[in-house]
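The structure appears below as structure tokens.
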Amino acid sequence: MTEPTTRRNFLKTGCLTVAAVGVTLAGGGTLAATVHAPIDMPETTFGEKKMDDRILVAYATKAGATAEVAAHIGQALSAKNLPVDVMPIKKVTDLSAYSTVILGSAIRIGNVLPEVTKFVQANQAALQQKPFSVFITCMTLVPDTEENRKTVSAYLDPLRAVVKPAHEGLFAGVVDPKKLALLERWMMNAMKTPVGDFRDWDQINAFAESVAV
Ligand SMILES: Cc1cc2nc3c(=O)[nH]c(=O)nc-3n(C[C@H](O)[C@H](O)[C@H](O)COP(=O)(O)O)c2cc1C
């Protein structure tokens, strides 16, 4: 029987995968096992660049699903005539032009991506002074049950401890084996994680609507 996708499963299988990487590399294996297919990193500006009450939608992704969600949220906000910048979090250097900040992250082994944690820590003071929201994409929300929501909500505890977000979007994500490194595919196979695109665009639109208010 298929084991449910739980945080503990991700952590356990993640550790085993890390051990497998060690063995592979120590055994003279190739780094190809950790190589990713190239992914799109959208960077878009909606509205007049010089306005200083812009909305920032910054994202961290490994396989592209979270970047697409960020781009979609940017588009939804711009449809309300709001000035928006969508960009990878690693490219954000200054928050002063932004009245609102929305950060998106993929989840890997029970955590938001490290660049998101570092960003929130480094910009704690600025983020405390403006509306700040977070969204994540992950596979524990397949299926989207109350229990799985609790598990996924806990992924945000380390960020909440630094700055409490005004809005949180917890979204099911995507597993597309073509976009994963070999070791990640092993891990997903070992965990029997469902393959496919499980993003619920109505939920994502509702989140965009809530942060726009
Ligand atoms: C190596 C790996 C580890 C993952 N770990 C978790 C996890 O701990 N919990 C979870 O809910 N989803 C986990 N996922 C699922 C991803 O968070 C999900 O596929 C997400 O949509 C990927 O976003 P991205 O395409 O922007 O990288 C993992 C996926 C991979 C490939």
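Distant-in-sequence amide contacts of Ser105, defined by a placed amide H-H separation under 5 Å and a gap of 5 or more residues or a different chain, comprise Ala60, Phe135, Ile136, Thr137.
Compactness of segment 44-153 is given as radius of gyration and Dmax, 14.2, 45 Å, from Cα positions. Largest accessible area first, the residues Asp52, Asp197 order themselves as Asp52, Asp197 under a 1.4 Å probe with ligands, DNA and RNA left out. Scoring 128-138, 64-74 by mean Cβ neighbours within 10 Å over their residues and listing the highest first yields 64-74, 128-138. For segment 94-213, pairs of C-alpha atoms spaced more than 19 angstrom apart make up 51 percent of the total.
For segment 72-213, the share of accessible area belonging to carbon and sulfur comes to 53 percent (1.4 Å probe, ligands and nucleic acids excluded). Computed extension gain for Ser99 through Ala126, at 0.36 nm per residue and net of the alpha carbon distance, reaches 8.7 nm.
Volume of the convex hull of segment 58-114 (Cα atoms only), normalised per residue: 81 Å³.
The values are calculated or read from the model by the stated rules, or taken from the named source; none is laboratory data. It should be emphasised that the depicted structure is a prediction, and the values quoted were computed from it without experimental measurement. So basically every Cβ, Gly included, is an ideal-geometry build from the backbone, and we count neighbours across all protein chains shown. In case anyone asks, the SASA skips ligands and DNA or RNA and just uses the protein heavy atoms, side chains included. Shrake-Rupley method; radii C 1.70, N 1.55, O 1.52, S 1.80 Å.
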